[in-house]
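Notes follow the structure.
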Amino acid sequence: MKAWLTRLAGALGCALMFVAAPAGAADTATLTVVAGSQERSWTRQELLKDHRLTSVTVEDDNLKRRLTFKAIAMPELLRGLPVSADATATTAASDGYISHLPVRLLLGEGAGVPRAWLAVEDARAPWPKLKGQGIGPFRLIWTVPKGQAGAAINESLWTYSIVRIDVTASPAERFAAIRPAADQPADGPVMRGFATFQRVCFSCHSMNRMGDANLGPDLNVPFSAVEYLGDEKLSALIRNPQSLRWWPGTRMSSIDERTLSDADLKDLLAYLHHMAGRKAPPPGSGS
């Protein structure tokens, strides 16, 4: 695991990195924050005794119930570090799930905006499991003002089992091969679909063999998902993977309209069709 983290962190060229021991490491779990030349580390027990720790009650978007956690506000954890609000926070979970979050969301403070918190699991009082799996020892939880639920914050941002967070340039800046053609209008369906792809799909899939995650297949190489499934079947797969193919071991969960609206899904299909004409060479082609 340590070697894997070192290789991936180097590949990302990260400006800020959080590294946590595996969830099963109990009291040895450690969180390390590296920002430029600065480095800070805490054990789980140190964080549980941190004066900034407070009880936070949330409507848990992963576990689908109201729960109370011991957590530290992310702005407090990041305070004093060289973190830019226009950067992207890439969180990597121990199972390989990747999430890309705007840093401005993590830095949000005040009663009228969503607030991000780093929740810390006490090994003596473990959190409820999600689909039979533990989700500690560190995760992001959110307090969302009334009436804003589902707007800026959805289930994809409730990242759990965190082993690392890298604050870097956005995926669009880091991976040129995932970008649409330069002549696409900024407010058009392809560019809107590109934003949706980064938010929803890039957590598990690559595009043109580029990306941080490989939980699912590449969505464009050697064939685009819209080429071998078509719009109707791909839409069904996204909404409920088991409705298209029964696979008890699949790691893809259903993506409902709260996370991906019908309008967003239509734009995502437009982006995938566009990228089908902008393929990278397949593996083994010499490129």
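Among the residues of the range 147-154, are any in the same structural domain as Thr88 (by TED's automatic domain parsing) and free of Cβ contacts under 8 Å to residues at least 12 places away in the same chain?
Within the range 147-154 (the criterion being in the same structural domain as Thr88 (by TED's automatic domain parsing) and free of Cβ contacts under 8 Å to residues at least 12 places away in the same chain), the answer is yes, since at least one residue qualifies.
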| message | Which residue is farthest from Arg66 (Cα to Cα), if the candidates are limited to the range 101-142 and must be among the β-branched types (Val, Ile, Thr) and either modelled with pLDDT of 95 or more or in a loop (DSSP other than H, G, I, E, B) (or both)? | response | Val113
| query | Is the range 230-251 home to any residue that is among the aliphatic types (A, V, I, L, M) and in contact (Cβ under 8 Å) with a residue 40 or more places away in the chain? | reply | no
| field | Selection status of Arg124, on the phi > 0 side of the Ramachandran plot and out of contact with any Leu (no Cβ under 9 Å at 6 or more places or on another chain) | value | no
| query | Out of all the residues in the range 100-107, is one or more closer than 25 Å to Pro217 by Cβ, assigned by TED's automatic domain parsing to the domain that holds Glu46 and in contact with a helix residue (DSSP H, G or I) (Cβ under 8 Å, 6 or more places away or on another chain)? | reply | yes
| Subset of the range 270-287 (residues that are closer than 11 Å to Arg192 by Cβ and not aromatic (Phe, Trp, Tyr)) | Ala270
| said: When the residues of the range 51-75 are narrowed to those that are surrounded by fewer than 18 Cβ atoms within 10 Å (Cβ to Cβ) and out of contact with any Leu (no Cβ under 9 Å at 6 or more places or on another chain), which ends up farthest from Asp256 (Cα to Cα)? | reply: His51
| said: Quick test for you: out of Arg179, Arg199, pick the one residue that is among the basic types (Lys, Arg), touching a Phe, Trp or Tyr at 6+ places or on another chain (Cβ under 9 Å) and either more than 26 Å from Leu118 (Cβ to Cβ) or in contact (Cβ under 8 Å) with a residue 60 or more places away in the chain (or both). | reply: Arg179
| request: Please tell me if Asp166 is at pLDDT below 95 and either of a type in the set (A, V, I, L, M) or outside any loop (DSSP other than H, G, I, E, B) (or both). | output: yes
| Looking at this structure, is Ala89 crowded, with 20+ Cβ neighbours inside 10 Å, touching a helix residue (DSSP H, G or I) at 6+ places or on another chain (Cβ under 6 Å) and in contact (Cβ under 8 Å) with a residue 24 or more places away in the chain? | yes
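Conditions (1) within 11 Å of Leu268 (Cβ to Cβ); (2) out of contact with any Asp or Glu (no Cβ under 8 Å at 6 or more places or on another chain); (3) at pLDDT 95 or above, marked per residue:
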| position | (1), (2), (3) |
| --- | --- |
| Phe175 | no, yes, yes |
| Ala182 | no, yes, yes |
| Met191 | no, yes, yes |
| Cys201 | yes, yes, no |
| Arg209 | no, no, yes |
| Asn214 | no, yes, no |
| Lone unmet requirement of (1) modelled with pLDDT of 90 or more; (2) within 16 Å of Ser156 (Cα to Cα) for Ile98 | (1)
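The values are calculated or read from the model by the stated rules, or taken from the named source; none is laboratory data. Quantities reported herein were computed from a predicted structural model and do not represent experimental measurements. Glycine gets a Cβ as well: all are built from the backbone with ideal geometry, and neighbour counts include every protein chain shown.
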